[in-house]
Amino acid sequence: MEAFSRYLGINGILSLICWVFWIFSPAEGNTIFEVAGSRVILPCNKTNATLQQLTWTMNGFLLISFKPREAIYITKEAESLKMNISLSETQQYTLVIDRVQKSHTGNYTCYSTTSEGVLEQKWQLIITGHEENWNKLIPVAVIVPCVCCLIFIIAWIILRRIYNRHAENGNQSHTAEMAQSEDIYENCLEIYARQQQNYQQPHHYKTRAC
């Protein structure tokens with residue numbers, strides 16, 4: 001029974017490890033992390049073979065289709081997401097997104113149909129944040145430490161003054177106690193001196209007549 005329990009425990013741990021790796025493992029293809037508001041360019045495979053058709057898809061849905069000597073077909077979804085492809089020599093057939101948003105997050109695939117066959121290139125685009133938020137966080141990150149330092153300095157000055165006042169009061173009370181002790185000591189000396197004088201004075205006794 002104990003061996004069976006151990007077997008189940010080991011299998012459970014191994015299953016959990018495999019599940020975690022499956023969740024956090026990168027998707028097939030290249031992964032790109034971009035900040036919202038930036039310009040993103042997703043390249044497509046280049047080939048020396050004659051291109052017959054090129055298509056871009058997002059999460060399996062058609063975005064843009066292109067055939068040589070024909071107009072570019074752009075779906076409504078691509079228009080709403082403000083996507084287009086570049087036909088320039090340096091960035092030929094690349095998918096261009098001028099200002100990416102969180103809605104652009106997804107898996108992109110470029111299919112190149114040529115005389116040699118079909119080539120595909122996959123991209124995973126992940127939007128990590130918003131550009132304006134970062135611009136707002138920068139001043140906050142600068143101001144907060146300055147304010148904390150200022151509060152610390154003010155608190156230190158206040159505590160220092162309180163400590164100095166307590167020290168002055170302590171010195172004054174100590175001085176008063178010393179003065180009072182000296183007065184008491186002097187009074188004691190005076191009393192002792194008087195007693196000595198009275199003791200040293202001769203006593204005159206009158207003779208009694210018998």
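The values are calculated or read from the model by the stated rules, or taken from the named source; none is laboratory data. Note that the coordinates shown come from a computational prediction; the quantities given were computed from them, not determined experimentally. Note that each Cβ is placed from the backbone with ideal geometry, even for glycine, and that neighbours are counted across all protein chains shown.
Things worth noting here:
- Among residues of the stretch 55-87, those that are assigned to a loop (DSSP other than H, G, I, E, B) and more than 16 Å from residue 40 (Cα to Cα), counted: 9
- Checking each residue in the stretch 99-111 for being surrounded by 14 or more Cβ atoms within 10 Å (Cβ to Cβ) and under 18 Å from residue 74 (Cβ atoms) picks out 100, 104, 106, 108, 109, 110, 111.
- Test result for residue 163, at pLDDT 70 or above, farther than 30 Å from residue 50 by Cα, of a type outside the set (Lys, Arg) and surrounded by fewer than 11 Cβ atoms within 10 Å (Cβ to Cβ): yes
- Residue match in the stretch 97-118 (condition: of a type in the set (A, V, I, L, M), at pLDDT below 95 and under 21 Å from residue 33 (Cβ atoms)): yes
Matching residues to (1) buried (at least 19 other Cβ atoms within 10 Å of the Cβ); (2) under 17 Å from residue 125 (Cα atoms):
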residue: 49; (1), (2): no, no
residue: 61; (1), (2): no, yes
residue: 70; (1), (2): no, no
residue: 78; (1), (2): yes, yes
residue: 83; (1), (2): yes, yes
residue: 93; (1), (2): yes, no
residue: 97; (1), (2): yes, yes
